[in-house]
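**Student:** Dumping the structure here so I can ask a few things about it.
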Amino acid sequence: MPQQINVGIIGCGAMGETHARCLAAIEHASIRAFCDADEQRAQALCATYHGGYATTDPERVLRDDTIDAVYICTHHDTHSTLCIRAAECHKHVMVEKPLALTLNECYAVGNAVEKHGITLMTGFKMRYYPAVARVKEYIPTPLVTTGQMLDGRWPDDFWANDPVKGGGNVLSQGCHTMDLVYYLNGSEPERIYAEGGNFTHQGLAIVDNIVATLRFKNGSVASIVQGDSGQTPFVSKFSFQVTDGRKTAHLRNRLKSVTFFDGEKPEEITDPEEYGFPEENRDFIRALLTTTAPPITHRDGLRATLLILKAFESLKTGLPQTISF
Ligand SMILES: NC(=O)c1ccc[n+]([C@@H]2O[C@H](COP(=O)([O-])OP(=O)(O)OC[C@H]3O[C@@H](n4cnc5c(N)ncnc54)[C@H](O)[C@@H]3O)[C@@H](O)[C@H]2O)c1
């Protein structure tokens, strides 16, 4: 078994920095390469974390035999190509969401991961909040789930709103919502129907707000609200509720607060802080050190991205879409 995992970070912006900070605190992880299309960003992060080298060329990192794993923290249009190249170069991958921008690219990433037998984990930090774990324990098999992530309006010139680089709020952040609803529900989704479109960014070719209905294989259902049409201070950007026919649990306050209700007396718990980034990094490195599967696999990344892309298909066709992968 490996004693240490050597990492290259591709994309040295906000998330590259966040992951570098988390990795620097992990004893058996070492960052050896910092890559960014913007040379100064790569050099700046390299200097801060005393890494091996800075480069603008992802191929240099992917072909570096001393590197075991790459973090893909670039803009969305590069994720699938970099994931596939990483798999071909036998590098393990931690990738930020979404996995890809099209259904075909999603399937291609899944095929490459399985063909080359690498480990690919997607950064779904929301699974690590203690309040989420408490909800899963309180209601292990929900019947009806609601998941809402509504942000304040994103600036038009934000890269994530660029139709090519980002794809808009629903693709960018909706992956988190889809993943958390799946995770809380615990059953594979089989059908999705969506309404919505471009409400807050006219002139940009993006979907910025949707409501969607999901049906899961165990017969349970969920409704999703995703977009940047405005945040409500009452629940914060996040509001997730599960019910099982008798009990309810409601997450809000950026997933730090949860209210449990058994029909008689509500009970509320609030955590002092947010979680996720250090925990997901520790899990990824631990999985590579112990050659075991990480708790969030490439199939989780695929499912969440596919659900958003299938929701877009539903908007276009006006029809429910089946989910299979
Ligand atoms: N999990 C979360 O909570 C969370 C939060 C924010 C962003 N994200 C995700 O993280 C990813 C990065 O977002 P960010 O906020 O760090 O963006 P950012 O703009 O701060 O950083 C992205 C960096 O990637 C670089 N880049 C783009 N294409 C490249 C290429 N081909 N090769 C090398 N470098 C390239 C850019 O120059 C930029 O420095 C996105 O997928 C985003 O959706 C996740």
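The values are calculated or read from the model by the stated rules, or taken from the named source; none is laboratory data. Since we're looking at a predicted model, the values are computed, not measured. Cβ: placed from backbone, ideal geometry, glycine included. Neighbour counts: every protein chain shown.
**Student:** Going residue by residue through segment 131-147, is there one that turns out to be closer than 23 Å to T200 by Cβ, at pLDDT 95 or above and either surrounded by fewer than 21 Cβ atoms within 10 Å (Cβ to Cβ) or touching a Cys at 6+ places or on another chain (Cβ under 9 Å) (or both)? Reasoning before the result, please.
**Tutor:** Initial filter on segment 131-147 (closer than 23 Å to T200 by Cβ): 146-147.
Right, trim to at pLDDT 95 or above and you get 146-147.
If we keep only those that are either surrounded by fewer than 21 Cβ atoms within 10 Å (Cβ to Cβ) or touching a Cys at 6+ places or on another chain (Cβ under 9 Å) (or both) as well, we get 146.
Among the residues of segment 131-147, at least one is closer than 23 Å to T200 by Cβ, at pLDDT 95 or above and either surrounded by fewer than 21 Cβ atoms within 10 Å (Cβ to Cβ) or touching a Cys at 6+ places or on another chain (Cβ under 9 Å) (or both), which makes the answer yes.
**Student:** Would you say T81 is within 22 Å of the chain's Cα centre (by Cα), farther than 14 Å from G13 by Cβ, modelled with pLDDT of 95 or more and surrounded by fewer than 22 Cβ atoms within 10 Å (Cβ to Cβ)?
**Tutor:** Values: within 22 Å of the chain's Cα centre (by Cα): yes; farther than 14 Å from G13 by Cβ: yes; modelled with pLDDT of 95 or more: yes; surrounded by fewer than 22 Cβ atoms within 10 Å (Cβ to Cβ): yes.
Here the answer is yes, as T81 does meet what is asked.
**Student:** Further question on the same structure: Say whether the condition of being more than 14 Å from S172 (Cα to Cα) and under 16 Å from the mean Cα position of the chain (by Cα) is met by at least one residue in segment 133-146.
**Tutor:** Pass one, segment 133-146, residues more than 14 Å from S172 (Cα to Cα): 133-146.
Next cut, under 16 Å from the mean Cα position of the chain (by Cα) only: none.
Among the residues of segment 133-146, not one is more than 14 Å from S172 (Cα to Cα) and under 16 Å from the mean Cα position of the chain (by Cα), which makes the answer no.
**Student:** Right, another one. Restricting to segment 15-41, give me the number of residues that are within 11 Å of the ligand (Cβ to nearest atom), assigned to a helix (DSSP H, G or I) and either farther than 17 Å from A69 by Cα or in contact with a Pro (Cβ under 7 Å, 6 or more places away or on another chain) (or both).
**Tutor:** 3
**Student:** Right, next: Counting residues that are in contact with a helix residue (DSSP H, G or I) (Cβ under 6 Å, 6 or more places away or on another chain) and either away from the ligand (no atom under 16 Å from the Cβ) or among the basic types (K, R) (or both), which strands (runs of 3 or more DSSP E) fully inside segment 96-206 reach at least 3?
**Tutor:** On the way: elements: 120-122, 144-150, 189-197.
Where strands (runs of 3 or more DSSP E) fall fully within segment 96-206 and carry at least 3 residues being in contact with a helix residue (DSSP H, G or I) (Cβ under 6 Å, 6 or more places away or on another chain) and either away from the ligand (no atom under 16 Å from the Cβ) or among the basic types (K, R) (or both), they are 189-197.
**Student:** Is there a residue in segment 34-51 that is in contact with a Lys or Arg (Cβ under 9 Å, 6 or more places away or on another chain) and farther than 15 Å from G13 by Cα?
**Tutor:** Within segment 34-51, one or more residues are in contact with a Lys or Arg (Cβ under 9 Å, 6 or more places away or on another chain) and farther than 15 Å from G13 by Cα.
**Student:** Here's a follow-up. So if I check each of T48, T55, which one is surrounded by fewer than 17 Cβ atoms within 10 Å (Cβ to Cβ), more than 15 Å from V95 (Cβ to Cβ) and not aromatic (F, W, Y)? Let's see the steps before the verdict.
**Tutor:** Working: T55 fails: surrounded by fewer than 17 Cβ atoms within 10 Å (Cβ to Cβ).
None of the other options fit; the residue is T48.
**Student:** Right, here's the next one. Can you tell me which residue within segment 81-95, out of those that are outside any helix (DSSP H, G or I) and of a type in the set (A, V, I, L, M), is nearest to the ligand (Cβ to nearest atom)? Working first, answer last.
**Tutor:** Taking segment 81-95 as the starting set, the residues that turn out to be outside any helix (DSSP H, G or I) are 89-95.
From the residues that got through so far, the ones that are of a type in the set (A, V, I, L, M) too are 93-95.
On the way: V93: 13, M94: 11, V95: 8 Å.
Out of the qualifying residues, it is V95.
**Student:** Test P130 against the criterion of being in the same structural domain as L184 (by TED's automatic domain parsing) and touching a residue at least 40 places away in the same chain (Cβ under 8 Å), and give yes or no. Even if it seems obvious, please write down each step before you answer.
**Tutor:** Values: in the same structural domain as L184 (by TED's automatic domain parsing): yes; touching a residue at least 40 places away in the same chain (Cβ under 8 Å): yes.
It is true that P130 is in the same structural domain as L184 (by TED's automatic domain parsing) and touching a residue at least 40 places away in the same chain (Cβ under 8 Å).
**Student:** Considering only segment 12-31, state which residues are surrounded by 17 or more Cβ atoms within 10 Å (Cβ to Cβ), more than 27 Å from Q173 (Cα to Cα) and not aliphatic (A, V, I, L, M).
**Tutor:** S30 - this is the single residue of segment 12-31 that is surrounded by 17 or more Cβ atoms within 10 Å (Cβ to Cβ), more than 27 Å from Q173 (Cα to Cα) and not aliphatic (A, V, I, L, M).
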